Structure formats: C-alpha cells, structure tokens
Amino acid sequence: MMSKAVRIDRHGGPEELKIVDVEVGEPGPGEIRIRHKAVGLNFIDTYQRSGLYPFQMPLQLGMEASGVVEAVGEGVVHLQPGDRAAYASQPPGAYSELRVMPAKNVCKLPDAISFETGAAMMLKGLTTQYLLKKTLPVEGLQPGDFILFHAAAGGVGLIACQWAKALGLQLIGTAGSDAKCELALEYGAAHAINYSTENFAARVKEITDGKGVKVAYDSVGKDTWEGSIDCLRPFGLLAVFGNGSGPVPPISLGTLASKGSLYVTRPTLFTHIATRESTQAMADDLFAVVQSGAVKIPIDQRYALADVQQAHRDLEARKTTGCTILTL
Ligand SMILES: NC(=O)c1ccc[n+]([C@@H]2O[C@H](COP(=O)([O-])OP(=O)(O)OC[C@H]3O[C@@H](n4cnc5c(N)ncnc54)[C@H](OP(=O)(O)O)[C@@H]3O)[C@@H](O)[C@H]2O)c1
C-alpha cells in the first residue's frame, strides 16, 4: 500500500518539508496500521524539522493524529480493525495518510469526539493534563491559586485556560498581542498580559498583591524564563516545557536559593505516556473534560497536507491561535 507522507532529508527551514510517496506494510508485534482522518500540528514538529531536537535522516514528521485502525499486530488487545482512534506518539510520522506505528499510545476515540477534534487535542490536551494535574508545587494547587501560563492563546494555551478554570485556578495568561489576550480571557484566563508591550513580571506582582504565583508554566523559554522566576512566590515551581523563543540556558542553582527556595522542572509528555496504562488514564481524563463541555478544542487553522510548509511558517511566525490541523 502507498501513502503520501511529509519527509525531510536534512534539518532546516520549512522549505525542507517534502511530500513523498512511501510504502506502508503490515503491522508487526505491538503495532497497528492506521488510516488517518486528520493530523495535528505541534510546535515540537518545528524543533524536529530545524534540528533543535536532532534526528537521523530521512525523517517523516508529525506526532499527533486521528483515524481508523486498519490492522493490528500480534499482542495488541486494546484496539481492533475498524476502531476510531487518536494519539500523541513517538516516533514521528503522523504527517501521512497511512502509517504503521506502535499501538501503545493509540487510544480509542469516543464516538462523541470528531476526528478533527481528536487530531487537534491529543498531544496538546495530554500535555495540559500532566501540567495542571502532575506538575505541581510542593504545596499542591488549590482552587483560587494563581498560576502563570505563557503563550496562553496558543494550542496548549487555550486548552490550559479552560482546564485551569474548571479546576478553580486563576490562570494569568501571557500572549503576544492584545487580540490574543482577549482570546485567552474568552477561554477562561482570569487575567491576560501582552508580554510584547508590558513587563509581565511586574504585572503578575500587581495582580497577586506582591505575593507571586505558585507555578509558572513556561513554554517560551529563552525570552521569558528570567521573568518567570521573578513571578514565583517562595517555594514556587518553574516548569519549563518548551522552547518557543529558544532553549533556556543553564540556570545557576544559587539563583533558586536567592529567589526563595524555588523548584525547577523540565518535563516532557513522553515520560508521562511511557506506558499504555498511564496513556489511557490521562486520555480518559482528557476525554471526560472535553465531553463535559468544560474544555473545547478550538481549531483555528486548517491546511491541506500539501500546504504543510505554510503551516510551519505561520506557526513559527506566531500567526496562529489555538490548534491547527492538516486535513487529508
Ligand atoms: N514538554 C512537553 O511535553 C510539551 C508538549 C506540547 C507542547 N510543548 C510546548 O508548548 C508550547 C506550545 O505548543 P503549541 O504546539 O501549542 O504551540 P503554540 O502555543 O500554538 O505556538 C507557540 C506560541 O509561542 C509563542 N511564542 C513566544 N515567543 C515566540 C517566538 N520567538 N517564536 C515563535 N513563537 C513564540 C507564540 O504566541 P504569542 O505570539 O502569544 O507569544 C506562539 O503562537 C511549545 O513551546 C511546545 O514546544 C511542550
């Protein structure tokens, strides 16, 4: 069987993304073959393309999709041919019509959730799940607590605004324009700061009566991490989970002492979804909050697979809001 897929032969800019025809075979032990209905676009795809996260070449990109299971390999018991399914998974390869992949991270998609929503929400939604439920300060998070969340109008960001509100948390979101700040507020942020024009650390201190936040969830990295540390109250947690503006340089441990016995973590989704059991438990939590209506998955951009170069350009140029999918 043949499939269209997006491949790079070397690391570089969006122009390296090529549509190619690839042969797809039968699933081996622990694998499935899935025919995609929609594919999710994620910022991590740009790191894998550029070489910030280096890979062996050639590389098929994409970490998130939904579709219909066509065949299952030996030992796969949680999926059957014909099942609607969605996933966030390694290895990359989701930018394709059809693929063979490990079954471990692939979950049955509830009938009430569309393929497009499934493709948009798995990587970003499971990330929000582990951030808000498992990446916590030593004192935990209680309703009413303030948290800081950068890039709040982005894919992960708009899911986090809604889920934080559902948990009773006061999410202070940052975003790069006034229009994006408005969007974050519409989706449940308690406050929004335009960090292109305002000193966000000073505003966070004002909003929290000088106390600071318990956690700063920072996916912007290089441009924001120092300000994020200044937003934390004593014993607060800096959770750096992305490199939107570039990676965070090594931090002096002495800084953590002088700023108030702080904690720092650099989590990744793939540690959290290392087993089938943990993947399913997190996915069940995500499916429940989406089906309850408390979290809606905003798909603000759709591109044909053939327009993947433009999709990457727009994501990196900060032109997108919410989630983006590639249609097939
Ligand atoms: N560690 C994990 O497990 C994990 C999992 C998923 C995602 N992530 C990270 O979470 C972040 C959000 O992912 P996403 O896919 O939902 O993307 P996204 O938020 O939709 O897009 C990234 C956003 O980052 C902001 N940004 C700030 N400085 C930027 C710069 N110099 N260049 C480009 N963008 C900049 C932009 O929003 P403004 O214009 O509002 O600043 C941009 O829209 C990414 O950093 C991603 O790597 C981490």
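The values are calculated or read from the model by the stated rules, or taken from the named source; none is laboratory data. What you see is a predicted model; the values in this text were computed from it and never measured. In this analysis, Cβ positions are derived from the backbone assuming ideal geometry, glycine residues included, and neighbour counts consider all displayed protein chains.
For Thr320, indicate whether it is among the β-branched types (Val, Ile, Thr), within 16 Å of the ligand (Cβ to nearest atom) and either under 19 Å from Ile19 (Cβ atoms) or surrounded by fewer than 16 Cβ atoms within 10 Å (Cβ to Cβ) (or both).
Considered against the rule, which asks whether it is among the β-branched types (Val, Ile, Thr), within 16 Å of the ligand (Cβ to nearest atom) and either under 19 Å from Ile19 (Cβ atoms) or surrounded by fewer than 16 Cβ atoms within 10 Å (Cβ to Cβ) (or both), Thr320 comes out as no.
Counting just the residues of segment 207-231 that are within 16 Å of the ligand (Cβ to nearest atom) and of a type in the set (A, V, I, L, M), which one comes out surrounded by the fewest Cβ atoms within 10 Å (Cβ to Cβ)?
Selected residue: Val220.
Can you tell me which residue among Ala164, Ala112, Ala201, Ala190 is in contact with an Asp or Glu (Cβ under 6 Å, 6 or more places away or on another chain) and away from the ligand (no atom under 13 Å from the Cβ)? Step through it out loud before you land on a result.
Numbers: Ala164 fails: in contact with an Asp or Glu (Cβ under 6 Å, 6 or more places away or on another chain); Ala112 fails: in contact with an Asp or Glu (Cβ under 6 Å, 6 or more places away or on another chain); Ala190 fails: in contact with an Asp or Glu (Cβ under 6 Å, 6 or more places away or on another chain).
From the options Ala164, Ala112, Ala201, Ala190, the qualifying one is Ala201.
Being in a loop (DSSP other than H, G, I, E, B) and within 16 Å of the ligand (Cβ to nearest atom) is the filter here, so list the residues in segment 232-257 that pass it.
Phe241, Gly242, Asn243, Gly244, Ser245, Gly246, Pro247, Val248, Pro249
Does segment 178-229 hold any residues that are hydroxyl-bearing (Ser, Thr, Tyr) and free of Cβ contacts under 8 Å to residues at least 40 places away in the same chain, and which are they?
Residues of segment 178-229 that are hydroxyl-bearing (Ser, Thr, Tyr), as a first pass: 187, 195-197, 208, 217, 219, 224, 228.
Scanning segment 178-229 gives Ser196, Thr197.
Could you check, for segment 303-317, whether at least one of its residues is over 30 Å from Asp178 (Cα atoms), within 14 Å of the ligand (Cβ to nearest atom), at pLDDT 95 or above and not in a strand (DSSP E or B)?
Taking every residue of segment 303-317 in turn, none turns out to be over 30 Å from Asp178 (Cα atoms), within 14 Å of the ligand (Cβ to nearest atom), at pLDDT 95 or above and not in a strand (DSSP E or B).
Test Gly244 against the criterion of being touching a Gly at 6+ places or on another chain (Cβ under 7 Å) and not assigned by TED's automatic domain parsing to the domain that holds Ser89, and give yes or no.
Yes; evaluated as a whole, the condition is true for this residue.
Assigned to a loop (DSSP other than H, G, I, E, B) and within 14 Å of the chain's Cα centre (by Cα) - does that describe any residue in segment 102-117?
The answer is no; no qualifying residue exists.
Among the strands (runs of 3 or more DSSP E) contained in segment 144-226, which hold 1 or more residues that are hydroxyl-bearing (Ser, Thr, Tyr)?
170-175, 213-218
In the same structural domain as Ala304 (by TED's automatic domain parsing), touching a residue at least 40 places away in the same chain (Cβ under 8 Å) and within 16 Å of the ligand (Cβ to nearest atom), is that true of Tyr53?
Taking the combined requirement at face value, the residue does not satisfy it.
Can you tell me which residues in segment 85-98 are farther than 18 Å from Glu277 by Cβ and out of contact with any Lys or Arg (no Cβ under 7 Å at 6 or more places or on another chain)?
Once the filter is applied, which keeps residues that are farther than 18 Å from Glu277 by Cβ and out of contact with any Lys or Arg (no Cβ under 7 Å at 6 or more places or on another chain), segment 85-98 yields Pro91, Pro92, Ala94, Tyr95.
Mind listing whichever residues of segment 258-269 are outside any strand (DSSP E or B) and either touching a residue at least 24 places away in the same chain (Cβ under 8 Å) or near the ligand (Cβ under 8 Å from one of its atoms) (or both)?
Of everything in segment 258-269, those that are outside any strand (DSSP E or B) and either touching a residue at least 24 places away in the same chain (Cβ under 8 Å) or near the ligand (Cβ under 8 Å from one of its atoms) (or both) turn out to be Lys259, Gly260, Ser261, Leu262, Arg266, Pro267, Thr268, Leu269.
Being surrounded by fewer than 19 Cβ atoms within 10 Å (Cβ to Cβ), in contact with a Leu (Cβ under 9 Å, 6 or more places away or on another chain), farther than 17 Å from Met121 by Cα and outside the structural domain of Arg318 (by TED's automatic domain parsing) is the requirement here; does Gly254 meet it?
The answer is no for Gly254.
Quick grid of which residues meet (1) in the same structural domain as Ala120 (by TED's automatic domain parsing); (2) under 16 Å from the mean Cα position of the chain (by Cα); (3) among the β-branched types (Val, Ile, Thr):
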residue	(1), (2), (3)
Arg7	yes, no, no
Val22	yes, no, yes
Ile32	yes, no, yes
Arg35	yes, no, no
Arg49	yes, no, no
Leu59	yes, no, no
Met63	yes, yes, no
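Restricting the first residue to segment 270-290 and requiring it to be touching a residue at least 40 places away in the same chain (Cβ under 8 Å), which pairs with a second residue that is of a type in the set (D, E, K, R) meet a Cβ separation below 6 Å and a spacing of at least six or different chains?
From residues that are touching a residue at least 40 places away in the same chain (Cβ under 8 Å), the pairs are Arg276/Lys104.
Check off (1) outside any loop (DSSP other than H, G, I, E, B); (2) over 16 Å from Thr324 (Cβ atoms) for Gly125 and give me the number that stays unchecked.
(2)
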